[in-house]
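Chemist: So that we are looking at the same thing, I have put the structure below in structure tokens.
The values are calculated or read from the model by the stated rules, or taken from the named source; none is laboratory data. Computed from a predicted structure; not experimentally measured. Here the Cβ is made from the backbone with ideal geometry for all residues, glycine too, and neighbour counts use every protein chain on show. Calculation scope for accessible area: heavy atoms of the full protein, side chains included, ligands and nucleic acids excluded. Shrake-Rupley method; radii C 1.70, N 1.55, O 1.52, S 1.80 Å.
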Amino acid sequence: MLAPEVETRPWAEQLAIDDVSYREQLAYLFERSAFYREKLTAAGLASATEAGGLDEIARLPLTEKQELRATTTPENPFGAHMCAERSEIVRIYSTSGTSGTPSYIPLTAGDLDNWVTGSSRSYAASGVEAGQRIVSSYNAGPFAAGAALASFDRIGLSHVPMGTGNTERLMRAVELLEPDAAVLTPSYAAYLAEWAAERGFDLPGSSVGRVLVAGEPGGGEPAFRAKLEEGWGAQVTEAMGIGDIGVSLWGECEHQDGMHLGARGFVHAELIEPQTGEALGTEDGATGELVLTHLRHRAAPHLRFRTRDHVRVRTSPCPCGRTGPRIRCIGRTDDMLIVRGVNVFPSAIREVVSEFAPAVNGQIAVRPSAQGAKQDPPLPVSVELSPGAAADPGLAEAIRQRLREILVVQTSIELVSSGTLERSEYKSSLVQR
Ligand SMILES: [Zn+2]
């Protein structure tokens with residue numbers, strides 16, 4: 001543990017500290033952020049004092065990424081929530097931007113340091129430690145993932161950057177440089193396990209004892225994880241962040257029971273019901289969309305920012321000693337489908353389908369017939385068979401019934417041969433429209 005006195009602090013104590021930070025952050029927003037001053041005033045809150053403390057945060061409006069984006073102009077490409085002076089900004093990341101135009105993420109030196117501090121706690125939770133060697137496969141480029149890579153230096157790891165898209169080079173590094181750990185997206189980890197198996201490359205026998213996955217949901221699904229662990233002969237743990245708020249905010253420990261908040265003290269987490277925006281409790285087993293608030297951010301802080309990540313909370317004590325709620329990402333709110341009133345995540349479908357291994361190999365594609373989230377049953381799902389497995393109609397029917405039983409969703413199952421569905425060397429979507 002990098003900071004035991006922080007990471008094992010009783011959670012109530014952490015919340016008391018966070019409440020002080022939060023009130024200061026609100027005062028800062030009222031003073032410096034044109035965006036939040038206007039937004040909070042419009043919500044009937046004329047000052048930070050009126051907005052109150054953390055226990056009243058649910059009274060405040062949520063922030064949508066689109067609202068921030070709408071305030072950008074050629075004169076102010078950061079948007080109206082920019083709080084710091086130009087001279088205070090030491091780093092500018094950008095997001096890939098689904099609509100074409102990137103959005104910029106400015107950071108002060110303090111912001112960047114907090115990002116790296118939180119990220120290093122999250123990655124260290126996986127068990128990697130100073131002196132070990134880690135091979136990474138992120139093409140960080142303009143993206144915030146670059147700050148996650150900086151956290152490997154902070155931990156004291158020997159970092160071998162490999163980037164994405166050159167599997168031969170990566171596997172040669174695994175063979176010759178004998179890294180203790182590898183960090184990559186779950187999609188790429190799965191791709192490499194298949195790649196190795198097809199070529200007789202002994203990945204399970206390699207030096208890699210820990211596989212750290214991040215960048216997309218999936219690494220926490222038990223069946224998918226079991227398959228990755230088998231393919232790599234390594235323990236798989238996941239980490240998660242969001243560019244606008246911070247990199248690798250969350251990281252899972254060796255007990256593999258959800259991600260701890262490495263960025264505790266810097267970020268406050270809440271859950272909401274994604275359709276109504278209603279605040280939900282964070283008791284054990286609760287699920288909802290993750291909403292994050294900066295507590296000590298300076299450049300462009302966010303208040304109640306909707307992450308679009310749908311998570312499940314765990315609150316039971318973790319044997320590692322780290323305190324506070326843990327989360328597992330179930331999927332992206334944007335990927336959620338509503339089939340006759342039932343919320344369905346493609347990752348949950350994959351989880352159920354994976355129970356049918358070894359007949360299936362865990363690759364699926366959900367093919368919604370209608371635009372948007374609402375779908376009429378049955379929901380078409382393509383399921384890839386394992387190499388050499390036959391397309392037995394009984395298998396398709398068994399999968400269909402199991403999905404109905406577990407997820408209460410009507411599907412139509414198409415079995416396809418191994419290698420049919422698209423693989424990604426970076427991130428993959430389980431939904432194909
Ligand atoms: Zn733990």
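Chemist: Considering each of 262, 288, 281 in turn, give the residue that is under 30 Å from residue 35 (Cβ atoms) and touching a helix residue (DSSP H, G or I) at 6+ places or on another chain (Cβ under 8 Å).
Modeler: Of the residues listed, the single one that is under 30 Å from residue 35 (Cβ atoms) and touching a helix residue (DSSP H, G or I) at 6+ places or on another chain (Cβ under 8 Å) is 262.
Chemist: Based on this model, can you work out whether residue 295 counts as open to solvent by less than 20 Å² (accessible area, probe 1.4 Å) and within 16 Å of the ligand (Cβ to nearest atom)?
Modeler: Answer is no for this residue.
Chemist: So is residue 333 at pLDDT 95 or above, touching a His at 6+ places or on another chain (Cβ under 9 Å) and either over 25 Å from residue 15 (Cβ atoms) or within 16 Å of the ligand (Cβ to nearest atom) (or both) or not?
Modeler: Considered against the rule, which asks whether it is at pLDDT 95 or above, touching a His at 6+ places or on another chain (Cβ under 9 Å) and either over 25 Å from residue 15 (Cβ atoms) or within 16 Å of the ligand (Cβ to nearest atom) (or both), residue 333 comes out as no.
Chemist: From the list 93, 104, 123, which one is within 16 Å of the ligand (Cβ to nearest atom), among the hydroxyl-bearing types (Ser, Thr, Tyr) and in contact with a Phe, Trp or Tyr (Cβ under 8 Å, 6 or more places away or on another chain)?
Modeler: 123
Chemist: Return the residue satisfying two criteria in turn: it lies in the range 131-165 and is farther than 25 Å from residue 257 by Cβ, more than 17 Å from the chain's Cα centre (by Cα) and hydrophobic (A, V, I, L, M, F, W, C), and of such residues it is least open to solvent (accessible area, probe 1.4 Å).
Modeler: By that ranking, first place goes to 135.
Chemist: For the range 166-195, name all the residues that are touching a residue at least 60 places away in the same chain (Cβ under 8 Å) and open to solvent by 30 Å² or more (accessible area, probe 1.4 Å).
Modeler: Once the filter is applied, which keeps residues that are touching a residue at least 60 places away in the same chain (Cβ under 8 Å) and open to solvent by 30 Å² or more (accessible area, probe 1.4 Å), the range 166-195 yields 191, 194.
Chemist: Follow-up question, since we're still on this one. Would you please name the residue that is most open to solvent (accessible area, probe 1.4 Å), looking only at residues in the range 383-429 that are over 30 Å from residue 183 (Cβ atoms) and hydroxyl-bearing (Ser, Thr, Tyr)?
Modeler: 417
Chemist: Another one. Which condition number does residue 314 fail, the rest of (1) out of contact with any strand residue (DSSP E or B) (no Cβ under 7 Å at 6 or more places or on another chain); (2) within 16 Å of the ligand (Cβ to nearest atom) being met?
Modeler: So residue 314 meets the others, but not (1).
Quick grid of which residues meet (1) part of a loop (DSSP other than H, G, I, E, B); (2) among the aliphatic types (A, V, I, L, M); (3) under 28 Å from residue 281 (Cβ atoms); (4) modelled with pLDDT under 95:
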{"residue": "13", "(1), (2), (3), (4)": "no, no, yes, no"}
{"residue": "35", "(1), (2), (3), (4)": "no, no, no, no"}
{"residue": "41", "(1), (2), (3), (4)": "no, no, no, no"}
{"residue": "66", "(1), (2), (3), (4)": "no, no, yes, yes"}
{"residue": "78", "(1), (2), (3), (4)": "yes, no, no, yes"}
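Chemist: Right, next: Name, by its number, the condition in (1) over 20 Å from residue 223 (Cα atoms); (2) outside any helix (DSSP H, G or I) that does not hold for residue 394.
Modeler: So residue 394 meets the others, but not (2).
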